[in-house]
Amino acid sequence: MALPAALSGRLTLPVVASPMFISSGPELVIAQCQAGVIGSFPALNARPAALLEDWLARITEENASYAAANPDATVAPFAVNQIVHRTNDRLEHDMDVIVRHRVPIVITSLGARPEINDAVHSYGGIVLHDVISNDFARKAVEKGADGIIAVAAGAGGHAGTQSPFALVQEIREWFAGPVLLSGAIAHGRSILAAQAAGADLAYVGSAFLSTVEAVAAADYKQMIIDSSAKDIVYSNLFTGVHGNYLRGSIIAAGLDPDNLPHADPSVMNFGSGGNVSAKVWRDIWGAGQGIGAIKENLTVADLVIRLKGQYEEARQDLARKTRTPEIAVQPA
């Protein structure tokens, strides 16, 4: 199946930048789109709710102006992430704004709801739903999602535990539509590996956390640079949903990362307190296991250039490795 226009044709790399709590704002999304990768942000990052309207208008206008001034540039579309769980009391308001602004891509999380998909489809947008299992993927497609984001082990923030190879393989056995792979992808080589595993695009988050445009504390950005996979802790304490977080931030919050209690999964919260205080929640920093590839604080443009170079080098290296050697003919 061919990819929908929103996911192809206007990309310098087969990458969707994942929406990140706090860190993804208009500056980051605009920079990602103008670098040629799909930028995204969680609707809940726009606080108060009235700010969402301003963010969508700014992203749309600045990208359009940039494209007009740079006709040879590749400017990617953008996406907005919606938490569709019942605890999100802004969902109806935010969906009204999204429909009015005709957001090209909506990423849904923590629940698949047909009415959300219908609303996006009403103006020609597409819905990508993130899942941690094949069963959830089936339910999402049955309810009208256009594509699947397979969130495998090692992904930053809310993440699953399955191998990316197993998860994508099971989904691809029955689904021919768009599949994105998330999980420890912070190098161009890993973007190519995601495609080789059966995904159409890579879903990349943590690599953008340390960029100049990310709305993250300086200490957060430095901790990303200084850390590696061994510094990632998997816990459901902070939101009620299992996710990956930086060990150093957990320690700084006065908690023992090796002895975290389990939270009641029925009591979900996304930045408003609940299982832990709101201040502590904000200071617990998500990251994926791929952060060992992040060595410095770059602009988004420079990071995408680096990823593209790594991706092309990996493609060439793979071509060399898989080229069939000529069979030498021995003299009689």
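Restricting the stretch 279-297 to residues that are open to solvent by less than 30 Å² (accessible area, probe 1.4 Å) and part of a loop (DSSP other than H, G, I, E, B), the residue that is modelled with the lowest pLDDT is I284.
Taken together, the residues in the stretch 50-69 that are touching a residue at least 12 places away in the same chain (Cβ under 8 Å) and surrounded by fewer than 19 Cβ atoms within 10 Å (Cβ to Cβ) amount to 6.
Within the stretch 114-161, the residues that satisfy the criterion of being buried (at least 21 other Cβ atoms within 10 Å of the Cβ) and assigned to a loop (DSSP other than H, G, I, E, B) are G125, I132, A145, D146, A152, G154, A155, G156, A159, G160. For the stretch 78-94, the condition of being hydroxyl-bearing (S, T, Y) and in contact with a Ser or Thr (Cβ under 7 Å, 6 or more places away or on another chain) holds for none of the residues.
Does G157 qualify as being under 14 Å from the mean Cα position of the chain (by Cα) and at positive phi?
The answer is yes for G157.
For the stretch 236-265, a tally of residues being open to solvent by less than 10 Å² (accessible area, probe 1.4 Å) and small (G, A, S) returns 3. Hey, any hits in the stretch 208-231 for a residue that's closer than 19 Å to S109 by Cβ, at pLDDT 95 or above and within 16 Å of the chain's Cα centre (by Cα)? Yes, the conditions are met somewhere in the stretch 208-231. Scanning the stretch 84-95 for residues that are touching a helix residue (DSSP H, G or I) at 6+ places or on another chain (Cβ under 9 Å) and modelled with pLDDT of 95 or more returns R90, L91, H93, D94, M95.
Taken over the stretch 204-224, the criterion of being open to solvent by 30 Å² or more (accessible area, probe 1.4 Å) and β-branched (V, I, T) is satisfied by V212, V215. When the residues of the stretch 12-49 are filtered to those that are surrounded by fewer than 21 Cβ atoms within 10 Å (Cβ to Cβ) and touching a Ser or Thr at 6+ places or on another chain (Cβ under 8 Å), which remaining residue is nearest to V215 (Cα to Cα)? Only one residue fits best here, namely G36.
With respect to L201, is the statement that it is touching a residue at least 40 places away in the same chain (Cβ under 8 Å) and either in contact with a Phe, Trp or Tyr (Cβ under 7 Å, 6 or more places away or on another chain) or open to solvent by less than 20 Å² (accessible area, probe 1.4 Å) (or both) true? Against the criterion (touching a residue at least 40 places away in the same chain (Cβ under 8 Å) and either in contact with a Phe, Trp or Tyr (Cβ under 7 Å, 6 or more places away or on another chain) or open to solvent by less than 20 Å² (accessible area, probe 1.4 Å) (or both)), L201 qualifies.
The values are calculated or read from the model by the stated rules, or taken from the named source; none is laboratory data. It should be emphasised that the depicted structure is a prediction, and the values quoted were computed from it without experimental measurement. Please note: Cβ atoms are built from the backbone with ideal geometry, for glycine as well, and neighbour counts cover all protein chains shown. Each accessible area value is taken on the protein alone, full model and side chains, heavy atoms only, with ligands, DNA and RNA left out. Shrake-Rupley method; radii C 1.70, N 1.55, O 1.52, S 1.80 Å.
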